[in-house]
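Student: Right, I'll just put the structure down here and ask away after.
The values are calculated or read from the model by the stated rules, or taken from the named source; none is laboratory data. Please read these numbers as outputs of a predicted model, since none were measured by experiment. FYI the Cβ positions are ideal-geometry reconstructions off the backbone, even for glycines, and counts take in every protein chain you see.
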Amino acid sequence: MKMTTTLARENFAEIIKKAEYAKERIILTNHGKDAVFIAPLDDLKLLELIEDQQDLKDALLAHKKAKKEGTKSWSKIKAEI
């Protein structure tokens, strides 16, 4: 569902109910362009889970790369600086 921010202000309580209870995603437009969206909290939790999984994959790859390339001691890093 899409609606303007002006219309959203006029119907804010209804929009919240649709997102919370009907699990609808509402895109709000501003000056004819998509601006933001309102979504059920479950959508946010899923998005955060996906981001956490990607962060973990990135961290594991960085760890493997550092292990392969070797690491520097803190004293060596300080000396280079």
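Student: Which residue out of ALA19, ALA35, ALA79 is modelled with pLDDT of 95 or more, out of contact with any Leu (no Cβ under 7 Å at 6 or more places or on another chain) and small (Gly, Ala, Ser)?
Tutor: It is ALA19.
Student: Return only the number of the condition from (1) within 23 Å of the chain's Cα centre (by Cα); (2) of a type outside the set (S, T, N, Q); (3) modelled with pLDDT of 95 or more that LEU61 does not satisfy.
Tutor: (3)
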